[in-house]
Structures are given as C-alpha cells and as structure tokens.
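Structure first, then comments.
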Amino acid sequence: MSSKHKPAHHDPHHGDSSHQQSFWSQYVFSTDHKVIGIQYLFMSLFFLFFGFCLMLLMRWQIAYPGHPLPILGKMFGESNMPGGVMLPEFYNQLGAMHGTIMVFLGVVPLGFAVFGNYLIPLQIGAKDMAFPRLNMFSYWSFFVGGLLMISSFLLPGGPASNGWTSYSPLSDIAHDGQTIWLFSMAIIIISSLLSSLNFITTIFQLRAPGMTFERLPFFIWAQLITAFLLLLAFPPLEGAAFLQLFDRLLGSSFFLPSGLYVNGHLYNVSGGGNALLWQHLFWFLGHPEVYVIILPALGIVTEIIACNTRKNISGFGMMRWSIIFLGFLSFVVWSHHTYLTGMGTNITAFFQTTTMIISIPSVIIISALFITLWGGSIRFNIPMLFALAFLPMFGFGGLTGLPLGLAATDIPLHDTYYVIGHFHYVVAPGVVLGLFAGIYYWFPKATGRKMNDVLGHLHFWPTLIAMNFVFFPMLIQGLMGLNRRMYDGGATYQFAHGILFWNVIISWASWILGLAQLAFIFNFFYSIFKGEKVNSDNPWQSATLEWATPTPPPHGNFSKPITVYRDPYAYSLEGAPKDYSPQDQKEI
C-alpha cells in the first residue's frame, strides 16, 4: 500500500493487544475510549436507577397522599417523612432531583458519552479518540459532578427543591442544596463540552482511508450533530449557573427584580435583575437538549434496523440532511416553553412556526425507518424488538407535542400532566427503549458474550406495556386540567376527584416497570460472566466497521490498518456471496 493511502493515525503497533498497563491506568484512569465508555455505562446506569427510585417514592405519595410508606417510610427521617408520611418539601426535593439526575446524569451520558465513546473510533476505523487524556478528564468531571449532586441529599436542608429547571427567583433564595446543584451542573457541563470537542475532532480528523462523510454510518452522523448541539447550547447554561451562584453567594441581582417580597418582607437585595432571563438561558439549552437525548437513540435504532432487515436504509441521504437541518432548527424553537410569560404576538408566531417546521425532519427520519422495514427479511431478536417499539413510541411522543407548540393550546395545557406525559413519551417509551436496544446489540462486541434471550423478553414486554400504562393516563389527566407538581396528586381540588383513580393505576404501573428492570439488571451482570459466548467477531453479521475488530476489541482496536470501500449498509447486494458486505471488504 502506498504511503498516501496509509491512515496517518495508525502506528506500527496498531491493534497491539500486548500493550502493557498497570491496573490503575487500564481500568481506573484509563485513556482507552472503550474503557471510558464502559465507565460511563456503569455510572449512567447507576444514576438512571437512582433517579428512577426517586420517582417510585413520589408515586406512592401521589397515589396514597397522607398514608405512611410501608417498610421504607421511616428510613428517611422525621424531617422528611414523619411517621412515614411524605412532607411537601421532601416531595419537591425528590421531583427536582429526579428530573436533574435522569436527564443530565442518566439519559444524556448513556446515549451520548457511553455509545459515542465506545463506538465512534470503531465505526470510523480509528484506534482511539483524538484527545485520550481529555477524554479521561471528561469522565472524571462527570463522576465528580454526579457524586456532588447526590451528596446534596446529606445536607441539613436536603437537596435542591426548585424543579429540574431551577427557575428564578425561587432558586435564588432557596436553601444550600441549590448551591450544590449549581456547582454540580457547572462541572457536568464541563464534562459534556470536553466530550463534544473530542467527538467532533475525532470524526473530522481520524477517519480511516475511504471513510468519506457519505460513508459514515447514521449513528456517527447522530453523534456528530449531538456534539455540536452540546458545544453550542451548554455554554449559556454554564454562564447562567455562575450568574445564579453570584446572586446566591456574592449579593448580585442578575435574576432578582427590585421590589421582591419574601415571606411578607421586602427582600434586601440590590434588584434590577430579570427572572425571565434565567428561563431563556435555560431553555436555549433545554430544547437542543431534547435532541441531544433523541439523536443518539435514533442513530442506534438505525444501525439495528439496517442490520436486522438485511436492507440498505431507505432515503439514507435524506436522513443525513434531515438530521443536519434538525440540529440547526433546534436553536430557534426554545421560546415555545415561555408562551405564558406574555410574549408579543409576533415573536409568539415566529416560535410557533419554527416549532411546527422542526417536526418535518423528525418525520422524514422516522418515515425512512418505517419504509426500510417494508420488504425486509426481519430478524426479531431482542435488540430489534426494542428498536421496533421505539418507532411508534417516539412518533406518538412527538405527535403529542404538537399542541404544546401552539400558544392557543399550550396556555391551557402548560404545567398540567399533559406536559409530563408528552415529554416522558419521548424520553421513556421512546429514547430509553432505543438505548436498551443498543446495550443488547453491542453487548457481544464489548464482552464476547450475548445477553440471555428469555430474560430479554421478560424485560422487554413488561417494560413496553407498563410504560404505556404510566404515561398515557397522564395525557388524559392533563387534558382534564390536573396540574403537575402537586404533592397530593390533586386531591385538594374538587374538579380532580373524578380522575384521581388514574394516580393509583399509574403508580402501580410504575412499580411493575421497576420490577421489569430487575430482569435487565440480572441479565446484564450475569451475562458478563456467564453469558453464551459468541462464535465470531460479527455475530449479527453486520456491515459496519466495529464488527471488523477482534472481540472484545484490544488496545488500538484493529488488528490491521483499515480501508473503507463502500457505504455502511451494504446488505443483500446482487451477486454478493453473503447477504452483507463489510465496509472494509474490497471484493463484494
């Protein structure tokens, strides 16, 4: 091979599995992208489980307000649950921390950092990330920020209690838990920014020879756009977090207006600030953040559907342009979260228009995946079941968001359970199912073993059914006018009494959903050590590059330099001896 065709990032020891490292450098302070991805995996799954448990506690209070929590109630102390009965203040703390942990420490790092770290170098033919030490620092920033966030439960006043959005001015005058929340968020944001820079540089600079942008798998496109979204949207929230810290610790008034009364007394502050400024800075991140959550799952599902239909993705070129357009447009829709603030009709019309337009690229992507199923030789394995369930669930979640994009319908629905149902339909039955699909799909590559199929079915079916029993009734409650964030589930309101029975159904479905995850937890850890060993490096017979590595991939990933000859989804090609043609295989 001539020198001009040799990848600049390959060295003579490319893929050398004998690379000697100490235990600490190999498993703790590792610079290997695969180890870092696995570190992110364990931590993000832990945070997801922790945040999920907070919600299970809240659901008891909503379903049975005023009743002591059996067995566990007295564990939380008299200051939080006297006699086992949850206080409103503790309920608010659980709600704020549930949202924060699930979004910023659970779903986002699982979709972006876990799969991105592990798979980006493998799918583009690189031996590692562009900045391995920066990658390590990114993980440990996430680790420290996450532990700091959870440690706020140990404070005398407890953790933050102002919702996951931390609206001012309430968050400016709250107890010390809010200060820890802001410091934690600042550290977590630094972690995301470093990962974004690393991912973008790696994708642009370290692609194997022949890996043009047109030949990148859709998963890489999803990660690339996600990285740009984080890089551009997170700095405003980082700045806002520091400004709120200045208000709390240094006596400034960035978000505190003049004439603010607290507990009947004029608040002694310089004033002149604007509480709405925080809302705009938060939601300028907050809506791109929705696509930060969605896009990695879309990338994962696309890989799984292409492999398990044995077909090229229909409209792949249109999907690429759609995801680019979606990323751009996500920065000009944030103010549909602030219709109630009294915006003028002109600016409201602008954000209504952009919100309707942004649904178009999402519909194109989902439609392309549905069309791909037509005529495919579908393999209904566990990853494919989760991927197939993702499509209608995500589609339904997006559909329920359309009324919230129009001011006339958003104003009566705002702050009702309809908003919770819509958002969770996107994130839980949608995104989380896609992330589970990815874990089942790439588990054999990371461990050399498959997860158990029977346990996979015991995980999938109860999860899918229970999720719908949790979130669909919330849409009904919201349409009936039931407000969110009420610690008694609305029992104090006479008009809500006819729909309170849904609270009990939702809570029991939530607890069943929690039990279903035990099948996944056992399957995951059991399969690491005792799962069925795969009989090849490519057990799914996929065409993308990550399956060209040894299993598990060694230090340096590939055993030989990689050259790419074709598109990522070369399945069932005419004249090919097999129904898949790997990207690095020269002959068909």
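Points worth noting:
- Site pair N274 and F370 shows an inter-label distance of 4.2 nm when each label is modelled 7 Å from Cα along Cα→Cβ.
- Extension gain for the segment F529 to E214, taken as residue separation times 0.36 nm less the Cα-Cα distance, is 109.5 nm to one decimal.
- Three-way shape label, the range 93-147, alpha-carbon gyration tensor, a/c 1.5: oblate
- For the chain, the residue among F316, N538, G271 whose Cα projects farthest onto the positive side of the dipole built from Cβ charges is N538.
- Förster radius 35 Å - calculated FRET efficiency between T201 and K586 (Cβ-Cβ, nearest 0.05): 0.75
- When only Cα pairs below 8 angstrom with a gap of at least 6 residues are kept, the chain shows a relative contact order of 17 percent.
- The long axis of helix 275-309 is offset from the longest Cα principal axis of the chain by roughly 30 degrees.
- Dipole of the range 22-548 [Lys/Arg +1, Asp/Glu -1 at C-beta], most positive-end residue of L45, N92, Q61: L45
- Taking all Cα-Cα distances within the range 362-467, those exceeding 20 Å account for 49%.
- Rounded, prolate or oblate (a/c below 1.5 giving rounded, otherwise prolate when a/b exceeds b/c) for the range 180-263 by Cα gyration tensor: prolate
- Along its principal axes, the chain has C-alpha extents of 80, 52, 48 angstrom, given from the largest down.
- Of all accessible heavy-atom area on the range 22-548, the percent that carbon and sulfur account for (1.4 Å): 71
- Scanning residues 5 or more positions from R449 or on other chains, those with amide H under 5 Å from its amide H are V534, with H placed 1.01 Å from N in the peptide plane.
- Accessible area in square angstrom per residue, the range 49-115, 1.4 angstrom probe: 36
- Of the trypsin sites (Lys or Arg not before Pro) in the range 485-588, those whose Cβ has at most 15 other Cβ within 10 Å and which sit in DSSP loop: R485, K578, K586
- Projecting the Cα atoms of A113, F255, M211 onto the charge dipole of the chain, computed from C-beta unit charges around the Cα centre, puts M211 farthest toward the positive end.
- Part-to-part distance (alpha-carbon centres) for the range 361-393 and the range 82-150, which is given in Å: 28
- Loop sites here are GluC sites (Glu not before Pro) outside DSSP states H, G, I, E and B with no more than 12 other Cβ atoms within 10 Å. The longest part of the chain free of them is 79-573.
- Reach of K311 by Cα under 14 Å, taken over aspartates and glutamates that are not fewer than 8 positions away in the same chain: E303, D567, E574, D579
- Å² per residue, accessible surface of the range 371-439 at 1.4 Å: 33
- Near S168: Cβ cut-off under 14 Å, other residues only, Lys/Arg at +1 and Asp/Glu at -1. The net charge is -1.
- Theoretical gain in end-to-end length, W511 to I476 [0.36 nm per residue, Cα-Cα removed]: 10.6 nm
- Computed over the range 127-268, the percent of Cα pairs more than 23 Å apart is 48.
- For the chain, the Cβ-based charge dipole about the Cα centre amounts to some 1020 debye (Lys, Arg positive; Asp, Glu negative; other atoms uncharged).
- Segment C53-V363, length gained on full extension (0.36 nm per residue, minus Cα span): 108.3 nm
- Against the chain, whose longest principal axis comes from its Cα atoms, helix 115-124 is set at around 30 degrees.
- For the range 480-530 versus the range 531-588, the gap between their alpha-carbon centres in whole angstrom: 42
- Cut-off 19 Å (backbone N to label point 7 Å along Cα→Cβ of L232), residues of the range 342-374: 351-362
- Vicinal HN-Hα couplings computed from phi for the range 175-191 (Karplus, 6.51 cos²θ - 1.76 cosθ + 1.60; Hz; Gly/Pro x): 6, 5, x, 5, 4, 5, 4, 5, 4, 4, 4, 4, 5, 5, 5, 4, 4
- Helical content alone sets the calculated 222 nm signal of the chain at -19000 deg cm²/dmol, taking -39,500 (n - 2.57) per DSSP H segment of four or more residues and averaging over every residue.
- Protein heavy-atom accessible surface, 1.4 Å probe, per residue over the range 132-269: 39 Å².
- Using alpha-carbon coordinates, inclination of helix 501-530 to the longest axis of the chain, degrees: 30
The values are calculated or read from the model by the stated rules, or taken from the named source; none is laboratory data. Model, not experiment: these values are computed from the prediction. Because the Cβ atoms are built from the backbone with ideal geometry, glycine has one as well, and the counts that use them run over all protein chains shown. Keep in mind that these areas ignore ligands, DNA and RNA; they rest on the heavy atoms of the full protein, side chains included. Shrake-Rupley method; radii C 1.70, N 1.55, O 1.52, S 1.80 Å.
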